[in-house]
Amino acid sequence: MLITRSDNSSERSRRLIKVCNERLADAVDLQLQCKHAFWNTTALDLRKLFDEVNKSVGVYTDRIAERVVEIGGVANSTERVVPTWSHLLCPPDALCRNHASTLATTLGSFVELARQAIVSCNEFSDFASADMFTEIADGVDKWHRTLVAV
């Protein structure tokens, strides 16, 4: 079932919007962590890799935000919201110099949360959102595997 703006009064739509906004906050957090790794790395090959990951995550962030609006919500992920809504695992060594490992851990955490969103969306019969999160989870998992190998 394709959930659209006209369905926003239902409890199911409100719960879907909540799931999508939670993943949106996680995606914004992930994107900021990508930039943190990029800014604090001097190795050109790693900077290039972190920049590519950041660009991909930016596309995913926009897709999630657009989906929230499509189903009748407000994409809610300002700098005040992300710290309170983000569920990403942030390793204790996040300020260390091993940014590839740290970012790999965070990417893995995001993949798990995206896969949970797939289950929730399927339970709500919102297959468009489930498909979106499947594509995002697969894309982020690819980056996760790349960074684990670094």
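At a glance:
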quantity	calculated
Share of carbon and sulfur in the accessible heavy-atom surface of the stretch 9-72 [1.4 Å probe, %]	55 percent
Whichever lysines have a C-alpha closer than 25 Å to that of LYS48, once near sequence neighbours (fewer than 8 apart) are set aside	LYS35, LYS142
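The values are calculated or read from the model by the stated rules, or taken from the named source; none is laboratory data. Please read these numbers as outputs of a predicted model, since none were measured by experiment. Remember, those area values only see protein heavy atoms, side chains included, never the ligands or the DNA or RNA. Shrake-Rupley method; radii C 1.70, N 1.55, O 1.52, S 1.80 Å.
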